[in-house]
Amino acid sequence: MAKNMAVDILLVEDNPTDAELTMRTLKKHYLTNNLEWVKDGAAALDFLFRRGDYAARDNSTLHVVLLDLRLPKVGGLEVLKQMRSNEHTRLVPVVVLTSSKEERDIVSSYKLGANSFVSKPVGFEEFAKTVAELGLYWMLVNRLTPPEE
Amino acid sequence: MDKSTMPPPLPSSAVTGAIAVERGEDVHQAFMQALPDGFWINDFSGRFLETNEALCQMLGYTREELLHMNIQDIEASETPGETAAHIQEIIRTGSGRFQTRHRRKDGVVMGVEVSALYTAKLGKRFFVILRDITERKLMEKALLIQNRISNIFLTVSGDEMFNEALKIVLEELRSPYGVFGYLDQGGNLVVPSMTRHIWDKCQVTDKSLFFPRSTWGDSSWPRAIREKKWNYTNEVSARIPKGHIGISRHISFPILFQGKVIGLFQVANKGTDYTEEDIRMLENIAGYVAPILNVELQRKWAEEELRESEKRFRTTFEQAAVGIAHVGTDGRWLRVNQKLCDIVGYTREELLARSFQDITHADDIESDLEYVRQLLAATIPTYSMEKRYLHKNGEIVWINLTVALVRKDSGEPDYFISVIQDISVRKRMEQEIQQLNAELEQRVIQRTAQLQAANADLENFSYSVSHDLRAPLRAIDGFASILREDYASRLDEEGLRLFQVVSDNTRKMAQLIDDILAFSCAGRSELNLTTLDMNALVQQVWQELEPQRAERAIELRLPPLPSARGDHAAVRQVWMNLLANAVKFTRGREPAVIEVGGRHEGEENIYSIRDNGVGFDMAYVAKLFGLFQRLHGMEEFAGTGVGLSIVKRFITKHGGRVWAEGKTGEGATFWFTLPAETIAESGLRNAETTNTVPHS
């Protein structure tokens, strides 16, 4: 994917199979045209803060960040924290999509400003259903904050 | 000498009359016999010419005997030539009066006063009036003795006093040997005085001045003391110890004061027999000695008591296991005991030349002086402090000091009494303990850190399990599904079934992971105790179990339950697991009945859940609450064998107990207890100590 393309879904997921399953599901619902997949927190922050490879990118079309918590380099909660304390990303919707069902993860995520917390079901059927609903909701139902000029 | 007590000298007219009497026999006789005093006439050679009845009575001779005697026969003067001198004087002056001693017929010597008249005209005759002055003599003598004894008691003290007094007694009783003793407070005889040369002569070994009452026996002197009565004998004593001087005759005389024997006189070996006169003499002396001796003894005992008390004090002071000192108001040591010297390493002399300030550690002087000020100002009665002295060798000595102030009668501060206890050993031990405690604390910190690290590891492990074990399962299930979806046309029925097996097992694995995490969480989570409405809780859980109850006819019996104190989430989980079990294991029963119960008993609440399900064999009851323990086949009832383990873990954490009863085919009953409120608090503390997992 070209680095300067408009991106509406950012998938932050280090597990390639999870990523593949997620993208496959979204694809089925035609939601992956402008999806960017990064494999760690550092890359996610580069993308979001338009650093390095992503310097020329446009942020305005980003509908949702699907954020895993356990990530190499920079953890998901840290990514969330930095997003929320940055002027340009603080209003970007973030869905924490993780294998964890731990209460403390849920609490921490919401405290740091996550818009939603979703545990990945182990069964593929439920997983596919959940991801599809998520994608449809955030891409089609939810309305973004009007871009600030 | 008092003249009024003496018969008047015979007037010259009386002499003239006497001559006339010679002629008038009757008148002469009447006059002579009427005289109360003895009367005689003797010639120049001393021969009795005439006597009266009173004289016969006095001397114990008949008139006839006397008329054949000479005045020398009754003479008993102790001074030779004295009588001759008296007679010469009378011849020279015509009359005279003097005192001398006469011996009676029975040998008794009596004191007499002689009044005599001499005339040459009447044939050189002596006219003599004799008056018995034994009584008076005795009185005089007694007075004299009293004076001497008073003098002794006034001027001499101690044993010397007894010696001097005894000397007088022996002199007066003309006895060479004697004893003057007193009874001590225990009633024992103490003899401070015994005739000195006897003392030296007496050969009795172990001749003691002290005669304990128990050793007295019944010889004459103990008898005298016991009977409070004198006794005497003029016979040689046979019962005397070997080596003791021979006793030929003796008197034992108790000294009584107010009816009580307080002392003893003994005199012995007078040249002649002891007589009643001697007894009277002793009686006299004893009567006079008694009150004085009593005063003397009382004083002596008071003195002894004081000495004893002082000795006790000195002993206490010196033998004390702690340092004791008297300290002047300026801080100078006035008096110190040996122990204090030992503690600080100075000799007594060195200490007495110093003040307490000199040997007190510089850092402790001010606080000590502050106490001293308060003590002097009487704002505190005493004070105690731990402080340091500097030992003579320079080392620090830790002591515990207790100080009191002694005031003069005027109220003015006199001196301090200080008690000094060496606490160096204790201090050293305290320091060691302190050091040990510090080390221990350090070790606890290390251990805690280790424990925290271990907990963090466990935390990470659980976290990994929840994340990392699920992901591969999802991949297996996901890709199996994709395969089935994308390649469905190429799979036959068996192929599809096999994929279903893969899918089912990943689900089971996922459930297992969830349960393990829940169990691990049950051990780690902190209890947050609140009062729980158990009926509400059961009803809520029952609602949540609705999916499991679908298409089932189950009667839930729920009477009012006592509310409990516990962690909401944990107790909810307990009800959830137990009720879910009951629902699960009553499958196939029509109707299924689940009965919940609860009652307060002692210090705990007991809750129960009874069902009429498949039950279990009591032989396996021990396994029931074990992790991953299942009593039924997977085919029959699904499950991971974690639910009851979690129940047990939560209940145990609350300080409660859990148990079960069952019978195959007839249902099961599960009980759990939660402590009543007061004890729940300690349950909370236990929970806190077992839970150190920090929240991120």
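Of the numbered conditions (1) assigned to a helix (DSSP H, G or I); (2) in contact (Cβ under 8 Å) with a residue 24 or more places away in the chain; (3) hydrophobic (A, V, I, L, M, F, W, C); (4) open to solvent by 20 Å² or more (accessible area, probe 1.4 Å), B:I365 fails exactly one; give the number of that condition. That leaves (2) as the condition not met. Selection of segment B:496-507 for residues being open to solvent by 80 Å² or more (accessible area, probe 1.4 Å) and at the interface with another protein chain (Cβ under 10 Å from one of its Cβ atoms) yields only B:R507.
Across segment B:477-490, the qualifying residues are those that are open to solvent by less than 50 Å² (accessible area, probe 1.4 Å) and out of contact with any helix residue (DSSP H, G or I) (no Cβ under 6 Å at 6 or more places or on another chain), and the one among them that is farthest from the other protein chains (Cβ to nearest Cβ) is B:A488.
One residue alone among A:D58, A:D53, A:D14, A:D68 is closer than 20 Å to A:N142 by Cβ and either open to solvent by 10 Å² or more (accessible area, probe 1.4 Å) or not aliphatic (A, V, I, L, M) (or both), and that residue is A:D58. Could you list, in sequence order, all residues of segment A:17-50 that are away from chain B (no Cβ under 14 Å), part of a helix (DSSP H, G or I) and open to solvent by less than 40 Å² (accessible area, probe 1.4 Å)? Matches in segment A:17-50: A:G41, A:A42, A:A43, A:A44, A:L45, A:F47, A:L48.
Considering B:E160, B:E164, B:E113, B:E171, which residue is in a strand (DSSP E or B) and among the acidic types (D, E)? Write out each step before concluding.
Details: B:E160 fails: in a strand (DSSP E or B); B:E164 fails: in a strand (DSSP E or B); B:E171 fails: in a strand (DSSP E or B).
It is B:E113.
Filtered by the rule that a residue be basic (K, R) and more than 23 Å from the chain's Cα centre (by Cα), segment B:310-367 gives B:R332, B:R335, B:R348, B:R354.
Among the residues making up segment B:652-661, a single one is assigned to a helix (DSSP H, G or I) and either crowded, with 24+ Cβ neighbours inside 10 Å or charged (D, E, K, R) (or both): B:K653.
All conditions in (1) part of a helix (DSSP H, G or I); (2) loosely packed, with under 14 Cβ neighbours inside 10 Å hold for B:S410, with the sole exception of (1). Only a single item in (1) in a helix (DSSP H, G or I); (2) at pLDDT below 85 is not met by B:E526, and it is number (1).
When the residues of segment B:588-637 are filtered to those that are of a type in the set (D, E) and touching a Ser or Thr at 6+ places or on another chain (Cβ under 7 Å), which remaining residue is surrounded by the most Cβ atoms within 10 Å (Cβ to Cβ)?
Just the residues of segment B:588-637 that are of a type in the set (D, E), to begin with: B:590, B:595, B:601, B:603-604, B:611, B:617, B:635-636.
Now narrow it down to the ones that are touching a Ser or Thr at 6+ places or on another chain (Cβ under 7 Å): B:604, B:611, B:617.
Values: B:E604: 20, B:D611: 25, B:D617: 11.
Taking the candidates together, the pick is B:D611.
Among the residues of segment A:109-136, those identified as closer than 17 Å to B:A471 by Cα, assigned to a helix (DSSP H, G or I) and in contact with a helix residue (DSSP H, G or I) (Cβ under 8 Å, 6 or more places away or on another chain) are A:F124, A:E125, A:F127, A:A128, A:V131. For segment B:533-552, the count of residues that are of a type outside the set (D, E), in contact with a helix residue (DSSP H, G or I) (Cβ under 6 Å, 6 or more places away or on another chain), within 18 Å of B:L578 (Cα to Cα) and loosely packed, with under 15 Cβ neighbours inside 10 Å is nonzero.
Quick one: is A:R90 in contact (Cβ under 8 Å) with a residue 40 or more places away in the chain, more than 13 Å from chain B (Cβ to nearest Cβ) and more than 25 Å from A:E133 (Cβ to Cβ)? No; evaluated as a whole, the condition is false for this residue.
When residues of segment A:94-113 are filtered for being more than 8 Å from every other protein chain (Cβ to nearest Cβ), open to solvent by 10 Å² or more (accessible area, probe 1.4 Å) and touching a residue at least 24 places away in the same chain (Cβ under 8 Å), how many remain?
To start, the set of residues in segment A:94-113 that are more than 8 Å from every other protein chain (Cβ to nearest Cβ) comprises A:94-97, A:103, A:105-107, A:109-113.
Narrowing further to those that are open to solvent by 10 Å² or more (accessible area, probe 1.4 Å): A:103, A:106-107, A:110-113.
From what's left, touching a residue at least 24 places away in the same chain (Cβ under 8 Å): A:112-113.
Qualifying residue count for the region: 2.
Annotation: B:L143 fulfils all but one of (1) under 16 Å from B:A286 (Cβ atoms); (2) touching a residue at least 12 places away in the same chain (Cβ under 8 Å); the unmet one is (2).
When B:R226, B:R131 are checked against the criterion of being open to solvent by 30 Å² or more (accessible area, probe 1.4 Å), in a strand (DSSP E or B) and at pLDDT 85 or above, a single residue qualifies: B:R131.
The listed residues are B:V425, B:V419, B:V444, B:V406, and the only one of them that is more than 11 Å from every other protein chain (Cβ to nearest Cβ), modelled with pLDDT of 85 or more and farther than 30 Å from B:H326 by Cα turns out to be B:V444.
Taking only segment B:485-495 into account, find how many residues are assigned to a helix (DSSP H, G or I) and either in contact with an Asp or Glu (Cβ under 9 Å, 6 or more places away or on another chain) or at pLDDT 85 or above (or both). Talk me through it step by step, then tell me what you get.
Here is the first cut: in segment B:485-495, the ones assigned to a helix (DSSP H, G or I) are B:485-486, B:488-490, B:493-495.
Those still in the list that are either in contact with an Asp or Glu (Cβ under 9 Å, 6 or more places away or on another chain) or at pLDDT 85 or above (or both) too: B:486, B:489-490, B:493-495.
Within segment B:485-495, residues that are assigned to a helix (DSSP H, G or I) and either in contact with an Asp or Glu (Cβ under 9 Å, 6 or more places away or on another chain) or at pLDDT 85 or above (or both) number 6.
Taking segment B:300-333 as the region of interest, how many residues are open to solvent by less than 30 Å² (accessible area, probe 1.4 Å) and either among the aliphatic types (A, V, I, L, M) or not in a loop (DSSP other than H, G, I, E, B) (or both)? If you could, list the steps in order and put the result at the bottom.
To start, the set of residues in segment B:300-333 that are open to solvent by less than 30 Å² (accessible area, probe 1.4 Å) comprises B:317, B:320, B:323-328, B:331, B:333.
Of the ones still in play, those that are also either among the aliphatic types (A, V, I, L, M) or not in a loop (DSSP other than H, G, I, E, B) (or both) are B:317, B:320, B:323-328, B:333.
Residues meeting the conditions: 9.
Take the residues in segment B:447-467 that are of a type in the set (S, T, N, Q) and more than 13 Å from chain A (Cβ to nearest Cβ), then tell me which one is nearest to the chain's Cα centre (by Cα). Looking at residues that are of a type in the set (S, T, N, Q) and more than 13 Å from chain A (Cβ to nearest Cβ), I get B:T448. Would you point out the residue of segment A:125-149, among those that are polar (S, T, N, Q) and at pLDDT below 85, that is surrounded by the fewest Cβ atoms within 10 Å (Cβ to Cβ)? For segment A:125-149, the residue satisfying everything is A:T145.
Against the conditions (1) open to solvent by 30 Å² or more (accessible area, probe 1.4 Å); (2) within 14 Å of another protein chain (Cβ to nearest Cβ); (3) part of a loop (DSSP other than H, G, I, E, B), A:E78 satisfies every one except (3). Looking at B:R470, B:R474, just one residue is touching a Pro at 6+ places or on another chain (Cβ under 8 Å) and either open to solvent by less than 20 Å² (accessible area, probe 1.4 Å) or at the interface with another protein chain (Cβ under 10 Å from one of its Cβ atoms) (or both), and that residue is B:R474.
The values are calculated or read from the model by the stated rules, or taken from the named source; none is laboratory data. As the structure is a prediction and not an experimental result, all values here were calculated from the model. Heads up, the Cβs are rebuilt from the backbone with ideal geometry, glycines too, and the neighbour counts pull from every protein chain shown. These area figures cover heavy atoms from the full protein model, side chains too; ligands, DNA and RNA do not enter into them. Shrake-Rupley method; radii C 1.70, N 1.55, O 1.52, S 1.80 Å.
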